[in-house]
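Got a structure for you, questions after.
The values are calculated or read from the model by the stated rules, or taken from the named source; none is laboratory data. This is a predicted model, so every value here is computed, not measured. No Cβ is skipped: glycine too gets one built from the backbone with ideal geometry, and neighbour counts run over all protein chains shown.
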Amino acid sequence: MSTAEILGNREYKYGWVTDIESETIPRGLSEDTVRLISAKKDEPEWMLEFRLKAYRNWLTMKEPRKWPNIEYPEVDFQDMIYYSAPKQKATKASLDEVDPELLRTFEKLGIPLSEQKQLAGVAVDAVFDSVSVATTYKEKLRKVGVIFCSFSEAVREHPEIVRKYLGSVVPTNDNFYAALNSAVFSDGSFCFIPKGVRCPMELSTYFRINNSESGQFERTLIVAEESAYVSYLEGCTAPKFDRNQLHAAVVELVALDDAEIKYSTVQNWYAGDEDGKGGIYNFVTKRGKCAGRNSKISWTQVETGSAITWKYPSCILLGDNSIGEFYSVALTNHAQEADTGTKMIHLGKNTRSTIVSKGIAAGRANNSYRGLVKIMPKAENARNYTQCDSMLIGSNCSANTFPYIEVMNNTSRVEHEASTSKISEEQLFYLMQRGISQEDAVSLIINGFCKDVFLQLPMEFAVEATRLLGLKLEGAVG
Amino acid sequence: MVTELANEKSAYSSALRDLMKVSGEPSWLRELRGSSFDQFERVGFPGVEQEEWKYTNVALIKRTNFTPVVNSNGTALSKRNGLAPFIYDETRDSTFVFVNGIFRDDLSSCNGLSGVVALDLNDALQISEYERVIRASLERNADGDNNGFELLNTALFAGGLFVKIPRGVNLSTPIQLQFVSEPVKGESPAAAFPRVLIVGEENSAATIIESYRATAEGVYLTNAIVDIVLDEGARFQHYKVQRESAGASHIATTRADLGPKASYDTTTINFGAALSRHDIHVTMDHEGASCSVDGLYMVEGSQHTDTHSVIDHRQPHCTSRQLYKGILDGKSRAVFNGKVFVRHGAQQTDAQQTNKNLLLSSEAQIDTKPQLEIYADDVKCTHGAAVGQLEPDELFYLESRGINPALAKNMLTYGFAGEVIEKIQIESIRRELDEAVLNRLHSDLTIDV
């Protein structure tokens, strides 16, 4: 049996739909839709203004179709539902009031929300279609001053903080999808770590798309004040639908002096079937600003799902001595396409960035790394190290590297290395003659290839990511 | 803006009208000139909004009112006078001279070349055997994506050169193609459109030196295309030395198509011109071909140099090596974009690419983009890029031996360039480049005792 056949097609195990009554607004997008979403969420005037400004910007912008190395049919932005929320009681003071069907949904996804079953040490914000349904450990976090809640709640309860930072990293006119998100975003997570606080537990958000016709537009804002630290995790799944669905999120991170934010993603949106039918279009803008001296932002992503991934988690290294990191594993199988990478913009003195990207392509997939390292004239002694490795499994896939390096300072040092390889017959043979099955051997080699990235993930996520990779590659290796 | 366009049109289109009057050109060539010009008028000169021209702005070329040179004018140059400093010792009797892009038989010396066909393109077109291959080369417009400069060259070239190294001929004497720019009296700046086609038949071997110089400082445009077609087992070395005057714009396209087991080793040196752009495109569409594509750019002041290289592995068992180095001083800016394609089915490809840059001043800027696109799984491909300054440890080592800091810096810079220069097989070129590098550094590397 060929290696490709071995890594067979295990079913996408999160592909089921929760049967729940939901409240949706009519299809289509106009200024009225934006106003309607804002009204539904009972938002203050400034929030509506923000949305409308973004919407007007969006109207003047063009979809980025030409430069990304991805192909997909025209997206009809009028044939989409921009708000879908499970029907529920007006307020949910405690989890007892959350629809049990929803609790069961998240339990089935491995994210128990009821207090007694919760994962120790991880606070979860669960987002179902357009709204956040529950946030755990809120009280415990509140005691140390950490605010962790849904974005809508943050707009209501902490408008001064949201207003100060919203759009400060990703402006409403940043790009086509960020503008769209800024106009219609429905919910998301908000974290605020005050000065000097080291967040006592991992914070995490779990995103679930359930409605077959809605897009998901969530917005995450994380602010770490002076000397604060937070580690944040994000997971995503969606049911199997034949229709393509749009997920256009915006994530903004702000780190002040000496603060550190560690942001990890395991993305497992539905990827479509073997022939590329259905699946999520994952068009996401993620950006962090190291605003303060000695601050640090670290992105770790394991991208295994989505029909198309278009995502460049970036760092703006503004503060002197600030550090940006990007660790990525992007796996594409069957007809999946990924154009992902990062941007490191060095503005401050002695800023450092590290990029480690591992791309794995199997089946007919198309996997691209696209990254920008920009050293501005004032970024004295800036340092960047980039390593991009690609692995090709089978002869019908492709792996591409598009690194942009722009240096305007002669005291800086930038290095980029890339390589492409395949699973060698010798390695496979060596493992198999020790009695390890071909499937396990392939899995071992691939995990070894991705080790540099997995080591960056929090423990539970690392285990999950390793398992996920094995599942995804079933039947791919030949 | 409208007037600018009109001017630009009138100068280029009147040149085209003049060319159309020349008798004896085959009808397909007239049609090709016409259609290329039409297409040029549609697309115009490339702009920074295009990915391939993102870092290089040619607005100056667009704005300048160039007069295309389409026929052979008188020249102050003669074999004895003015040309001598440009000719290498190794090529005294194997040099083809072009003045403002037009091939000059009277200034060329080819006594040292026997068994080689070298003809004015117009004359070669009269011979049906050659016409076919010239036509294929001129009509080449891969995927219809020729840029504005390439289209304009095809429309306006006049008096190019056709060179053929016949089957099995192993040429020990290198061939020099000397492109000289000479001011045209009383006219606006000249635009030259050199065009050369070189064919290496089966198992032939040759060395080509392509050199660009000017007799005087000044503003002018060189817009050149050199096509190289190698048959099975042909082995070519190709050196391109660009030392245009400080006011010049130099735009050049080099395209090499390699046959089975053919080998093509090229080194491009970019020292001159205010603005230079080199598109080099090596296509390996047959098994067993190999190439090495090296280069060195050294710029200062407000110079801008841009190299766009494409190495296209289309068939299995081909090998490519690339080493490009850059030294930037003053407010200069350099761009390197190196694409390596490994097409579907091109198994057993072995490709390596490296781009290293040295920034000597705080105002210099480098934009580099080494790019791999791989569609086959059984391949070995690596690329790397680095931007930095001289190693403090190395400087310290030299200084600790009593060498003053300025000299130590120059020695290391010279050594950095040396990695490319020392691979050149022609001694005179090595010597010339050594001198040019030292001149640039204002140093002779002698140690004061």
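If a residue must be in contact (Cβ under 8 Å) with a residue 60 or more places away in the chain, under 27 Å from B:E150 (Cα atoms) and surrounded by fewer than 19 Cβ atoms within 10 Å (Cβ to Cβ), how many such residues does the range B:162-183 contain?
Total meeting the criteria: 0.
Output yes when any residue across the range A:223-230 is on the phi > 0 side of the Ramachandran plot and surrounded by fewer than 18 Cβ atoms within 10 Å (Cβ to Cβ), and no when none is. Please lay out each step first, then the result.
Filtering the range A:223-230 down to residues on the phi > 0 side of the Ramachandran plot leaves A:227.
Going one step further and asking which of them are surrounded by fewer than 18 Cβ atoms within 10 Å (Cβ to Cβ), we end up with none.
No, the range A:223-230 contains no residue that is on the phi > 0 side of the Ramachandran plot and surrounded by fewer than 18 Cβ atoms within 10 Å (Cβ to Cβ).
If the Cβ limit is 8 Å and pairs must be 6+ apart or interchain, which residue in the range B:78-89 that is touching a residue at least 60 places away in the same chain (Cβ under 8 Å) pairs with which residue that is among the polar types (S, T, N, Q) and part of a loop (DSSP other than H, G, I, E, B)?
B:G82/B:T215
In this structure, does B:A376 turn out to be within 19 Å of B:C291 (Cβ to Cβ), at the interface with chain A (Cβ under 8 Å from one of its Cβ atoms) and outside any strand (DSSP E or B)? If you could, list the steps in order and put the result at the bottom.
Numbers: within 19 Å of B:C291 (Cβ to Cβ): yes; at the interface with chain A (Cβ under 8 Å from one of its Cβ atoms): yes; outside any strand (DSSP E or B): yes.
Spelling it out, B:A376 is indeed within 19 Å of B:C291 (Cβ to Cβ), at the interface with chain A (Cβ under 8 Å from one of its Cβ atoms) and outside any strand (DSSP E or B).
Would you mind finding the one in B:V299, B:V335 that is under 19 Å from B:R277 (Cβ atoms) and more than 11 Å from every other protein chain (Cβ to nearest Cβ)? Talk me through it step by step, then tell me what you get.
On the way: B:V335 fails: more than 11 Å from every other protein chain (Cβ to nearest Cβ).
Being under 19 Å from B:R277 (Cβ atoms) and more than 11 Å from every other protein chain (Cβ to nearest Cβ) holds for just one of B:V299, B:V335, which is B:V299.
When you scan the range A:261-285, how many residues do you find that are aromatic (F, W, Y) and in a strand (DSSP E or B)?
Of all residues in the range A:261-285, those aromatic (F, W, Y) come to A:263, A:269-270, A:281, A:283.
If we keep only those that are in a strand (DSSP E or B) as well, we get A:263, A:281, A:283.
Here the count works out to 3.
Looking only at the range B:258-275, filter to residues that are touching a helix residue (DSSP H, G or I) at 6+ places or on another chain (Cβ under 9 Å) and in a strand (DSSP E or B); which one of those is nearest to B:T56 (Cα to Cα)?
Ranking the candidates gives B:L275 first.
From A:S395, A:S419, which residue is at the interface with another protein chain (Cβ under 7 Å from one of its Cβ atoms), modelled with pLDDT under 90 and not in a loop (DSSP other than H, G, I, E, B)?
Numbers: A:S395 fails: not in a loop (DSSP other than H, G, I, E, B).
Being at the interface with another protein chain (Cβ under 7 Å from one of its Cβ atoms), modelled with pLDDT under 90 and not in a loop (DSSP other than H, G, I, E, B) holds for just one of A:S395, A:S419, which is A:S419.
Out of B:D93, B:D105, I need the residue that is in contact (Cβ under 8 Å) with a residue 12 or more places away in the chain and within 27 Å of B:P183 (Cβ to Cβ). Which one?
Details: B:D93 fails: within 27 Å of B:P183 (Cβ to Cβ).
Of B:D93, B:D105, the one residue that is in contact (Cβ under 8 Å) with a residue 12 or more places away in the chain and within 27 Å of B:P183 (Cβ to Cβ) is B:D105.
Could you tell me which of the residues A:E252, A:E260 is within 13 Å of the chain's Cα centre (by Cα), of a type in the set (D, E) and modelled with pLDDT of 90 or more? Spell out how you get there, then give the answer.
Details: A:E260 fails: within 13 Å of the chain's Cα centre (by Cα).
Result: A:E252 is the single residue among A:E252, A:E260 that is within 13 Å of the chain's Cα centre (by Cα), of a type in the set (D, E) and modelled with pLDDT of 90 or more.
Then there's this: How many residues are outside any loop (DSSP other than H, G, I, E, B) and in contact (Cβ under 8 Å) with a residue 60 or more places away in the chain when one looks only at the range A:358-371? It would help to see each step written out before you state the result.
Narrowing the range A:358-371 to residues outside any loop (DSSP other than H, G, I, E, B): A:358-362, A:366-371.
Now drop any that are not in contact (Cβ under 8 Å) with a residue 60 or more places away in the chain, which leaves A:358, A:360, A:362, A:366, A:368, A:370.
Number of matching residues: 6.
Condition check ((1) exposed (fewer than 13 other Cβ atoms within 10 Å of the Cβ); (2) assigned to a strand (DSSP E or B); (3) not hydrophobic (A, V, I, L, M, F, W, C)) across all residues:
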{"position": "B:S35", "(1), (2), (3)": "no, no, yes"}
{"position": "B:F40", "(1), (2), (3)": "no, no, no"}
{"position": "B:N73", "(1), (2), (3)": "no, no, yes"}
{"position": "B:P85", "(1), (2), (3)": "yes, no, yes"}
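Answer yes if at least one residue in the range A:339-353 is in a strand (DSSP E or B), out of contact with any Lys or Arg (no Cβ under 8 Å at 6 or more places or on another chain) and over 15 Å from A:K472 (Cα atoms), and no otherwise. Working first, answer last.
Within the range A:339-353, the subset in a strand (DSSP E or B) is A:339-340, A:343-346, A:352-353.
Adding the requirement that they be out of contact with any Lys or Arg (no Cβ under 8 Å at 6 or more places or on another chain) leaves none.
Within the range A:339-353 (the criterion being in a strand (DSSP E or B), out of contact with any Lys or Arg (no Cβ under 8 Å at 6 or more places or on another chain) and over 15 Å from A:K472 (Cα atoms)), the answer is no, since none of the residues qualifies.
Residues in the range B:390-433 that are among the aromatic types (F, W, Y) and under 15 Å from B:G326 (Cα atoms): how many?
Going through the range B:390-433 one residue at a time, the tally reaches 2.
A follow-up question, please. May I ask you to list the residues in the range B:401-439 that are under 13 Å from B:I269 (Cβ atoms) and either aliphatic (A, V, I, L, M) or touching a strand residue (DSSP E or B) at 6+ places or on another chain (Cβ under 6 Å) (or both)?
B:A417, B:V420, B:I421, B:I424, B:I426, B:I429, B:L433, B:A436, B:V437
Another question, if that's okay. In the range B:379-395, which residue that is over 18 Å from A:Q387 (Cβ atoms) and at the interface with chain A (Cβ under 7 Å from one of its Cβ atoms) is nearest to the chain's Cα centre (by Cα)?
Going through the range B:379-395, the residues over 18 Å from A:Q387 (Cβ atoms) turn out to be B:379, B:389-395.
Among the residues that remain, those that are also at the interface with chain A (Cβ under 7 Å from one of its Cβ atoms) are: B:379, B:389.
Values: B:V379: 29, B:Q389: 27 Å.
Filtering first and then ranking leaves B:Q389.
Okay, moving on. Here is a list of conditions, (1) farther than 30 Å from A:Y281 by Cβ; (2) within 12 Å of chain B (Cβ to nearest Cβ), and A:L372 meets all of them except one; can you say which number that is?
All conditions pass for A:L372, except number (1).
Looking at the range A:140-159, can you tell me whether even one residue there is small (G, A, S) and part of a helix (DSSP H, G or I)?
Start the filter on the range A:140-159 by keeping residues that are small (G, A, S), which leaves A:145, A:150, A:152, A:154.
Filter once more, so that each one left must be part of a helix (DSSP H, G or I): A:152, A:154.
Checked against the condition, which is being small (G, A, S) and part of a helix (DSSP H, G or I), the range A:140-159 yields at least one hit.
Considering each of B:K369, B:K356 in turn, give the residue that is more than 9 Å from chain A (Cβ to nearest Cβ) and closer than 18 Å to B:T307 by Cβ.
Details: B:K369 fails: more than 9 Å from chain A (Cβ to nearest Cβ).
The unique qualifying residue is B:K356.
Assuming A:E425 fulfils every condition listed in (1) within 14 Å of chain B (Cβ to nearest Cβ); (2) in contact (Cβ under 8 Å) with a residue 24 or more places away in the chain apart from one, which condition is it?
(2)
While we're on this one: What residue, of A:E439, A:E406, A:E464, A:E460, is of a type in the set (D, E) and either within 9 Å of another protein chain (Cβ to nearest Cβ) or part of a strand (DSSP E or B) (or both)? Show your work before the answer.
On the way: A:E439 fails: either within 9 Å of another protein chain (Cβ to nearest Cβ) or part of a strand (DSSP E or B) (or both); A:E464 fails: either within 9 Å of another protein chain (Cβ to nearest Cβ) or part of a strand (DSSP E or B) (or both); A:E460 fails: either within 9 Å of another protein chain (Cβ to nearest Cβ) or part of a strand (DSSP E or B) (or both).
Exactly one of A:E439, A:E406, A:E464, A:E460 is of a type in the set (D, E) and either within 9 Å of another protein chain (Cβ to nearest Cβ) or part of a strand (DSSP E or B) (or both), namely A:E406.
Residue check: is A:N381 buried (at least 18 other Cβ atoms within 10 Å of the Cβ) and either farther than 30 Å from A:T237 by Cβ or modelled with pLDDT under 85 (or both)? Talk me through it step by step, then tell me what you get.
Working: buried (at least 18 other Cβ atoms within 10 Å of the Cβ): no; either farther than 30 Å from A:T237 by Cβ or modelled with pLDDT under 85 (or both): yes.
So A:N381 fails the test.
OK, next. Given the options B:E373, B:E399, B:E419, name the one that is free of Cβ contacts under 8 Å to residues at least 12 places away in the same chain and surrounded by fewer than 22 Cβ atoms within 10 Å (Cβ to Cβ).
Numbers: B:E373 fails: free of Cβ contacts under 8 Å to residues at least 12 places away in the same chain; B:E419 fails: free of Cβ contacts under 8 Å to residues at least 12 places away in the same chain.
Step by step, each of B:E373, B:E399, B:E419 is checked, and only B:E399 is free of Cβ contacts under 8 Å to residues at least 12 places away in the same chain and surrounded by fewer than 22 Cβ atoms within 10 Å (Cβ to Cβ).
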